[in-house]
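This report refers to the structure that appears directly beneath it.
The values are calculated or read from the model by the stated rules, or taken from the named source; none is laboratory data. It should be emphasised that the depicted structure is a prediction, and the values quoted were computed from it without experimental measurement. In this analysis, Cβ positions are derived from the backbone assuming ideal geometry, glycine residues included, and neighbour counts consider all displayed protein chains. Side chains included, ligands, DNA and RNA excluded: accessible areas come from the protein's heavy atoms. Shrake-Rupley method; radii C 1.70, N 1.55, O 1.52, S 1.80 Å.
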Amino acid sequence: MRPAFAADAIPLGASLSLTGRFSDSAKYTQEGYKLWEEQLNAKGGIDGKPVALTIYDDESSPDTGRVLAQRLIDRDGALAILGPYSSPITDAEAVVVERAQVPLLGTIASDSSIWTRRKLHWSFQAFPSSQYDHQGFLEVLKGKGDSVKKLAIVFEQSPFSIGAKDWAEMTAKGMGLTVESYGYSPGAQDFRSIIERLVSFGAEAVSMGGYYEPSIALTRQMIERGYNPLGYHFIQAADGVTKDALAANAEGVFGRSAWEATVETPANKAFVDAYKAKFNRTPSYHSAAAYAAGQTLEAAIRAKGADRTAIRDYLASQSIETVLGAFRVNDKGQQEGYRYLATQWQGGVSKVVNGATPAPVEWPKPKWS
């Protein structure tokens, strides 16, 4: 028999970067969680019990995230944890949940090394792997022939970004491209020396594999320098905040996205319409990933009740349909069901340029204004 819930709400928890360097994107994650919680409870919750999701601000700090995960378990009695924003904070929280034996979904955790360097039993990747961060852009470059001979990769000196860089270097060299890579420290904002190296190298294409704030800083400094590659990609570019930050200069910029609002499925349309109605803006893939993590955990709790071990086993073994696609992990807990889309800003809209019904690619990128 399934364990029954207590008379009160089903306690769940999350820490999110409501302040600090990840806050611009993490706000979309928070909204995705809140929309899922609101809609679920409006339909009667799970087994007639509402979900109560407690969210704390981890200040974009892995150490704070670790402390808050422990608080959610010990003080708030969270049945399971929905993941924080970023791989480093997820990595820190995984240590806590593994010891406490509480399920964790790595909602915005693209760094597969979290799972490959050790055996995790209670933590599951719920986002496409960062190893393939540059894949969509490289697919675009395949069709450009002799117009692109040199590719520059800019990467953060963090595991998720290094792994993506290594895969992209190998793949691009296999395509016959000359590749140079340039690393920067986490949190860096001054990219002028790297830009001078890009200019000296003569890269026709640039792919940036870091977080949002350094990506915008690099882009703005490229604009100031007047360095205008034929093709430019940064992995966070699909976010709606990119258009706010870069205005007309977002045009032609490529990104990668775990999800896009323009993907036409009934479930996707319902999610997008509800999100726009509540928050008065289009959801980003961070919003969709959070909503999908909620759907995933909801399915596990519906199937297995308040038994943490049974919830863990369900997450480890089942394919679960969400707005992001089919959640499915391998025996290490790495995500296998979700894959990235390649995007490009065209006419003020982030359009999908690969997949089943891609938009035509605009090439070369317009000159900076």
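So here's what we get for this one:
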quantity	calculated
Helical mean residue ellipticity (222 nm; -39500 (n - 2.57) per DSSP H run of 4+; nearest 500) of the chain	-13000 deg cm²/dmol
For the stretch 301-328 versus the stretch 48-109, the gap between their alpha-carbon centres in whole angstrom	17 Å
In Hz, Karplus ³J(HN,Hα) per residue of the stretch 19-35 (6.51, -1.76, 1.60; θ = phi - 60°; x = Gly, Pro)	9, x, 6, 9, 5, 4, 8, 5, 4, 5, 4, 4, 5, x, 4, 5, 5
Extreme residue, positive dipole direction of the stretch 1-160, given options 11, 69, 94 (C-beta unit charges)	94
About the Cα centre, charge dipole magnitude for the stretch 270-335 (Lys/Arg +1, Asp/Glu -1 at Cβ), debye	180 debye
Derived scalar couplings ³J(HN,Hα) [the stretch 303-314; Karplus, 6.51 cos²θ - 1.76 cosθ + 1.60; whole Hz; x for Gly, Pro]	6, 10, x, 8, 8, 4, 5, 5, 4, 4, 5, 5
Magnitude of the charge dipole, the stretch 47-174, Cβ model with Lys/Arg +1 and Asp/Glu -1, debye to 20	460 debye
Whole-number accessible area per residue in Å² for the chain, which is evaluated in the context of all protein chains at 1.4 Å	39 Å²
Gyration tensor (alpha-carbon) shape descriptor, the chain, a/c threshold 1.5	prolate
Size of electric dipole in the stretch 254-369: Cβ of Lys, Arg +1 and of Asp, Glu -1, about Cα centre, debye, nearest 20	340 debye
The chain: angle of helix 192-201 to the longest principal axis, Cα-based, in degrees nearest 10	50 degrees
Sequence-distant residues sharing a close amide H with residue 54 (under 5 Å, placed H)	12, 13, 14
Residue (of 55, 300, 212) at the positive-pole extreme of the chain, dipole from beta-carbon charges	300
Shape call, the stretch 25-95: gyration tensor on alpha carbons, a/c limit 1.5	oblate
